[in-house]
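First comes the structure, then the notes that go with it.
The values are calculated or read from the model by the stated rules, or taken from the named source; none is laboratory data. Everything quoted here is computed from the prediction, not taken from an experiment. Ideal geometry is used to build each Cβ from the backbone, glycine not excepted, and the neighbour counts take in all protein chains shown.
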Amino acid sequence: MGLFDSFKRQTNRFHEEPVVEDNHASSQVETNEEPVIEGAPVEATEVPETVNMTSAESEEVVSRETSSSEEQVAKSAADMYIATPIKSYADKKPVKHVVGATKVIAILNQKGGVGKSTTAIDLGAALGELGKQVLLIDLDPQGNTSSGLGIEKNRLDQCIYDVLLGEAALTDVIIPDVCEGLDVAPATINLAGAEVELVAEMARENRLKEAVGAVRGRYDYVFIDCPPSLGLLTINALVAADKLLIPIQCEFYALEGVTKLLDSMKRVKTHLNPSLDIFGVLLTMYDGRTTLSKQVASEVRNFFAKRVFDVVIPRSVKISEAPSFGQPITQYDPSGKGAEAYRALAKEVISRG
Ligand SMILES: Nc1ncnc2c1ncn2[C@@H]1O[C@H](COP(=O)(O)OP(=O)(O)O)[C@@H](O)[C@H]1O
Ligand SMILES: [Mg+2]
């Protein structure tokens, strides 16, 4: 399916439900049936009554003029992208509950395209929906976590790069309340220079750990979305993190490179961060119709045993479309299989403590 088709469908959806209060309609216009997830204990979860939008965002949606379907189709991608207002940490809404011990979890797999950024966004949003305070740190110069949540990177003065270089505090770059309970420390392409620039700096592996230390106690979860490499940025994530979440795509060569990843983890554990461990391994893009997905899932479960989450993330067109609209799946398709899976994962994450 072309991206254009998704814009067309989304345009219809917006105009059928102008205030975006009832998200059930989105599944009614969805004809692209997603695969059944066999064996995935995806729990039935309630659909939230309202979409978590800032008032500025909902005004923007409401103010979109209603027009004929041809005109709707002609709307550009830019019109459909919900831009997140660039607020500062000082504007953060009061936190309603007492935050317990902060868990810092790096989402890591040096393979690209396995679902790291998607999981950062969608798991973060699902935990926020459940009332948790979550910070997403985008540590990938590609900035997919930032743009996937509607953050326009060209409007940012500072990003996580400035924090690593010691030129800004983490709270200086955090954009609060991007979704309910979800703050983001964004990345821009400037971060690409950090690997080189940090090499000459003192305590270069500890930069992120120091920055994250300053916000411990303010969040229930801090997720670090890592770049697809085992360079200095990833080492910073491994030093800053308490635990690792490893997404594995249900594809050929799923376990390729995993030994290298575990070696890096062990090295950091021995020298820099003794308590580092695996929090969980997540099977992503699972297609229950294919034998391959089933084989990969069973291979990964044999290898990692109980570390593998019971919840499996299905391959879903909706999940892949959501970032181009600047929304997590829990808002873009709140009652679909993808949102259900990430909500079930959020519950499993909470239950793992
Ligand atoms: N469950 C899924 N179903 C379908 N597409 C997915 C799913 N998870 C991720 N994708 C898509 O796969 C691509 C890679 O995912 P991404 O999260 O960016 O991976 P990574 O951060 O590991 O490079 C993206 O285009 C994303 O939209
Ligand atoms: Mg990514």
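Give me the residue from the range 236-267 that is crowded, with 21+ Cβ neighbours inside 10 Å and among the β-branched types (Val, Ile, Thr) and, out of that set, nearest to ALA211 (Cα to Cα). Filtering first and then ranking leaves VAL239. Evaluate the range 260-283: report whether one residue or more is within 13 Å of ligand 1 (Cβ to nearest atom) and at pLDDT 95 or above. Within the range 260-283, one or more residues are within 13 Å of ligand 1 (Cβ to nearest atom) and at pLDDT 95 or above.
Quick check: is even one residue across the range 121-128 more than 16 Å from ligand 1 (Cβ to nearest atom), farther than 14 Å from PRO323 by Cα and in a helix (DSSP H, G or I)? Within the range 121-128, one or more residues are more than 16 Å from ligand 1 (Cβ to nearest atom), farther than 14 Å from PRO323 by Cα and in a helix (DSSP H, G or I). If the condition is being touching a helix residue (DSSP H, G or I) at 6+ places or on another chain (Cβ under 7 Å) and outside any loop (DSSP other than H, G, I, E, B), then the range 208-234 contributes LEU208, LYS209, ALA211, VAL212, TYR221, VAL222, PHE223, ILE224, ASP225, LEU232, LEU233. Can you give me the number of residues within the range 195-214 that are over 19 Å from the mean Cα position of the chain (by Cα) and either within 16 Å of ligand 2 (Cβ to nearest atom) or touching a residue at least 12 places away in the same chain (Cβ under 8 Å) (or both)? So the answer is 12.
When every residue of the range 218-230 is checked against the conditions, none turns out to be in contact with a Pro (Cβ under 6 Å, 6 or more places away or on another chain) and buried (at least 24 other Cβ atoms within 10 Å of the Cβ).
Among the conditions (1) in a helix (DSSP H, G or I); (2) among the small types (Gly, Ala, Ser); (3) away from ligand 2 (no atom under 16 Å from the Cβ), the only one that ALA237 does not satisfy is (3). Would the range 198-221 turn up any residue that is within 16 Å of ligand 1 (Cβ to nearest atom), in contact with a strand residue (DSSP E or B) (Cβ under 7 Å, 6 or more places away or on another chain) and within 20 Å of ASN109 (Cα to Cα)? The answer is no; no qualifying residue exists. Scanning the range 268-291 for residues that are more than 22 Å from LYS103 (Cβ to Cβ) and within 24 Å of the chain's Cα centre (by Cα) gives MET285, TYR286, ASP287, GLY288.
One line per residue, one yes/no per condition, for (1) closer than 24 Å to LEU232 by Cβ; (2) over 18 Å from the mean Cα position of the chain (by Cα); (3) modelled with pLDDT under 95:
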{"position": "VAL95", "(1), (2), (3)": "no, yes, yes"}
{"position": "GLY100", "(1), (2), (3)": "no, yes, yes"}
{"position": "GLU129", "(1), (2), (3)": "no, no, no"}
{"position": "ILE174", "(1), (2), (3)": "yes, no, no"}
{"position": "LEU182", "(1), (2), (3)": "no, no, no"}
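A single member of THR284, THR290, THR330 is on the phi < 0 side of the Ramachandran plot, among the hydroxyl-bearing types (Ser, Thr, Tyr) and surrounded by fewer than 17 Cβ atoms within 10 Å (Cβ to Cβ), and it is THR290. With respect to the conditions (1) more than 17 Å from VAL212 (Cβ to Cβ); (2) touching a residue at least 60 places away in the same chain (Cβ under 8 Å), LYS153 lacks only one, and its number is (2). Within the range 282-323, the set of residues being outside any helix (DSSP H, G or I) and within 16 Å of ligand 2 (Cβ to nearest atom) comprises LEU282, THR284, MET285, ILE313.
How many of the residues making up the range 329-338 are within 12 Å of ligand 1 (Cβ to nearest atom) and assigned to a loop (DSSP other than H, G, I, E, B)?
2
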